[in-house]
1. At a Förster radius of 51 Å, what calculated FRET efficiency corresponds to the Cβ-Cβ distance of ARG294 and ALA29, to the nearest 0.05?
2. Given the Cα-Cα distance of ARG124 and ASP110 and 0.36 nm per residue of separation, how much length would full extension add, in nm?
3. Give, in nm to one decimal, the length gained when the segment between GLU73 and SER180 is fully stretched (0.36 nm per residue of separation minus the Cα-Cα distance).
4. ARG140 to ASN252: FRET efficiency via 1/(1 + (r/R0)^6), r the Cβ-Cβ distance, R0 30 Å, to the nearest 0.05?
5. Using a 1.4 Å probe, what is the accessible area per residue for the chain, in Å²?
6. Please work out how much accessible surface LYS278 shows to a 1.4 Å probe, ignoring ligands, DNA and RNA, in Å² rounded to 10.
7. Region 144-206 to region 243-303: how many Å between their Cα centroids?
8. Below 15 angstrom from the Cβ of LEU255, what's the summed charge of the other residues (Lys, Arg +1; Asp, Glu -1)?
Amino acid sequence: MELLHLRYFLAVAQELNFSTAARKLHMAASPLSRRIKDLENEVGHRLFDRDTHHVRLTAAGSALLPIARGVLEQVDSIKWRLDETARPRRTTLLLGVPTGVHPDLRERMDALAERVGDRFEIKRWPGGTDRLVDAVCDGRLALTLARLPAGGDPALEQMPVMSERLGAVVPRDRFAGRESVALAELAELAYAGSPTAVTNAYFRGLDQQLAELGIKKRIELGSATFEGISEIVSSGLAFSISMLDARSPVQNYRLDNVTVLPFSDFHPRLETGLIWRKDRANGGDLQEVVAAAREVFAEPLRS
């Protein structure tokens, strides 16, 4: 018995019409009928009842049908089963993502995951920059996006991936109709820094810079979230600093009486980089991933 006999049998059993089955198999009906008879002789049972108008499976044919399907499914699966065996197993890697990452960077993360998807499955891990960088250092994360500067560990390597313009988050009613704001106009308000969970070297430096430029008042919000800071700003007690781009996810935390204005005399930008450990990239387990990341993030974004 050959596999072709089973394919011929299955085609006739599905169509219950020799002419239709023959067309499906790209052959004439007469040789198809002979092949079925050869199969019937070999198994010792009639498989079809045939007359001039109808074709029906016999009891033996009905019994053979699931067997033939199973055999052919097993044979047809041989190639992909061997391909799966030969294909290297995918390794799961964690990529750190700080709060408020711009959607354009998310698109590039998706592109990186697709580029290395045959061998690596990239999962995203949220957190503040300091914690994410520490996790790269001790190997818990493969790579991380981080707000720069992000420490000076010589074991780490980084590449800039995005620069975002920052503006003043102010009470809307107090600055209605304004297209920009000067630092001196904010002196009466307290400065509410970023939430403790996401504060990093950049925002600590920004706080010091603002103090040197005349912004002396501070509101300490402890464990406040972005929503909490927005509440304080909305009430008219404070201002904060955040991304200007309307597409930034941080914009989702704005309340009705809150708006973001560019500074007329101050031009802060938030830089984001991609960080990894040198020993894992140079001949290590991340060499392929880092090479792909260098291509995907080759041109730093600006907003």
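The values are calculated or read from the model by the stated rules, or taken from the named source; none is laboratory data. As the structure is a prediction and not an experimental result, all values here were calculated from the model. Cβ sites come from the backbone with ideal geometry, for glycine too, and all protein chains shown count toward neighbours. Surface areas here come from the heavy atoms of the whole protein model, side chains and all, with no ligands, DNA or RNA. Shrake-Rupley method; radii C 1.70, N 1.55, O 1.52, S 1.80 Å.
1. Details: r = 62 Å, r/R0 = 1.21.
Given R0 = 51 Å and the Cβ-Cβ separation, E is 0.25.
2. Full-extension gain reported as 4.0 nm.
3. Using 0.36 nm per residue and subtracting the Cα-Cα distance, I get 31.6 nm.
4. Approximately 0.60, to the nearest 0.05.
5. For the chain, the per-residue accessible area is 54 Å².
6. About 80 Å², rounded to the nearest 10.
7. What the calculation gives is 13 Å, centre to centre.
8. -1
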